[in-house]
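One structure below.
The values are calculated or read from the model by the stated rules, or taken from the named source; none is laboratory data. Not measured: the values here are computed from a predicted model. A quick note on method: Cβ atoms are made from the backbone with ideal geometry, for glycine too, and the neighbour counts reach across all protein chains shown. Areas reflect the complete protein model, heavy atoms only, side chains present, ligands, DNA and RNA absent. Shrake-Rupley method; radii C 1.70, N 1.55, O 1.52, S 1.80 Å.
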Amino acid sequence: MKKIKLFDPLVGVQEKKSIINVLKSKYWASGAGGGNVKKFEGMKKQIVIRVDSGNIIGFGHAMRCLTIANEMKKYDYNVYVISNRERNNLSQLFLKNGHKVLYIKNKKISLKKINEMYDLEQTKKILKKINKKIDLLLVDNYSLGFRWEKSLRQLVNKIIVVDDLNNRKH
């Protein structure tokens, strides 16, 4: 399976083609390099995208995720976006494109340094609230790392992390 690296906030042509090819194939590698491949077919698939945007964080991650969300919708995915309610976030763009937006309850913390464990608990509550099998969790957020991802593996089939820094474990 091809490893996708995204180095700027917008999805480039090659990255977009790679993502679309993976989606079209309906095959996903399971585990962390275990070599098992599973096929997902039949019912409409569910994807959850965890991304933030706004005055403090910026808009590049959300724009990249909006591009991916719009493509995934074309391939019969229900798209849910989990986001903080930062001032001037891009949630309305996701809503205008037909995606569902669910919010992390705000806590009096700096959005530049998200409290990972608080975010984890809020994300778990939201995933359970969706009350459907989540086929894919796409994470595009520098503040969420390996512990956060590992703790959510039991609630989702697959996790994809977009990490253009590529400087930490996933």
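Being surrounded by 13 or more Cβ atoms within 10 Å (Cβ to Cβ) and either at pLDDT below 95 or over 16 Å from VAL156 (Cα atoms) (or both) is a property that GLY98 lacks. Beta carbons closer than 8 Å, at least 6 apart along the sequence or on distinct chains, pair a first residue in the range 159-170 that is at positive phi and polar (S, T, N, Q) with a second that is open to solvent by 80 Å² or more (accessible area, probe 1.4 Å) and part of a loop (DSSP other than H, G, I, E, B) for ASN166/LYS5. Pairing each residue of the range 53-70 that is in contact (Cβ under 8 Å) with a residue 12 or more places away in the chain and farther than 13 Å from ASN84 by Cα with any residue that is open to solvent by 20 Å² or more (accessible area, probe 1.4 Å) and among the polar types (S, T, N, Q), provided the two are 6+ apart or on different chains, yields C-beta distances under 6 Å for ASN70/ASN97.
When residues in the range 119-141 are screened for being assigned to a loop (DSSP other than H, G, I, E, B) and surrounded by fewer than 17 Cβ atoms within 10 Å (Cβ to Cβ), 3 of them pass.
Matching residues to (1) modelled with pLDDT of 95 or more; (2) part of a loop (DSSP other than H, G, I, E, B):
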{"residue": "MET1", "(1), (2)": "no, yes"}
{"residue": "PHE7", "(1), (2)": "no, yes"}
{"residue": "TRP28", "(1), (2)": "no, no"}
{"residue": "GLY42", "(1), (2)": "no, yes"}
{"residue": "LEU66", "(1), (2)": "yes, no"}
{"residue": "ASN70", "(1), (2)": "yes, no"}
{"residue": "LYS113", "(1), (2)": "no, yes"}
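Only one of the numbered conditions (1) assigned to a helix (DSSP H, G or I); (2) open to solvent by less than 70 Å² (accessible area, probe 1.4 Å) is not met by LYS150, and that is (2).
Annotation: ILE159 fulfils all but one of (1) under 15 Å from GLY54 (Cβ atoms); (2) outside any loop (DSSP other than H, G, I, E, B); the unmet one is (1). Here VAL156 does not fit the description of being crowded, with 16+ Cβ neighbours inside 10 Å and without any contact (Cβ under 8 Å) to a residue 60 or more places away in the chain.
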